């Protein structure tokens, strides 16, 4: 992906059964945790760093935080005892994108591509706006892949026919 010019978010894997250290968790920055094989926000956690006070908060649920390093270490260790986790910097939405959402959950642009035999071809793009901070549900707004503008929502989905796929394969071979 990086060779194709896509930005890559660096991260570290903490493997199941490893001992978690303060150095891995308390880096004077906010961090994002998710199971290495996870999806749809299941099992995700955030450690929020407050630079002004030097304090950390582990966000466990919408209404529950852990505010001590000792409890945070113990909680994360219990997660690592069960499965591999990836730790990444906590990303923030660009202010222009954040204007679309009331929540601090990351807004995603999902780009769907097909491999045409000689290059990737974008066939669909969607702006995913979080419905809330914790459920993982999103409002999916289609993006016009030609001009990058958000489309009006239509009732029928766009499909790619077998004939269209065959034509792209033929074009790339020539």
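Rg and Dmax of segment 79-159, based on Cα coordinates, read 16.0, 47 Å.
Expressed in whole Å with the largest first, what are the equivalent ellipsoid semi-axes of segment 14-95 derived from the C-alpha gyration tensor as the square root of 5 times each eigenvalue? The partial results should precede the final answer.
On the way: eigenvalues 72, 51, 29 Å².
Rounded to whole Å, the semi-axes are 19, 16, 12.
Under the criterion of Cα pairs below 8 Å and six or more residues apart, the relative contact order for segment 29-116 equals 27 percent. For the pair residue 12 and residue 67, label points projected 7 Å from Cα toward Cβ lie 2.7 nm apart. In plain terms, the residue of 42, 114, 59, 109 with the fewest other Cβ atoms within 10 Å comes first and the most crowded comes last, giving 42, 109, 114, 59. Full extension of the chain between residue 118 and residue 135 yields a length gain of 2.3 nm, computed as 0.36 nm times the residue separation minus the alpha carbon distance. For the pair residue 94 and residue 145, what calculated FRET efficiency results from E = 1/(1 + (r/R0)^6), where r is the Cβ-Cβ distance and R0 = 22 Å, to the nearest 0.05? According to the calculation, E is roughly 0.65. Taking other Cβ atoms within 10 Å as a rough exposure proxy, 116, 72 sort from fewest to most as 116, 72.
Taking only C-alpha pairs under 8 Å that are 6+ residues apart, what is the relative contact order of segment 77-153 in percent?
Over segment 77-153, the number comes to 19 percent.
No lab work stands behind these numbers, since they all come straight from the coordinates. It should be emphasised that the depicted structure is a prediction, and the values quoted were computed from it without experimental measurement. Here the Cβ is made from the backbone with ideal geometry for all residues, glycine too, and neighbour counts use every protein chain on show.
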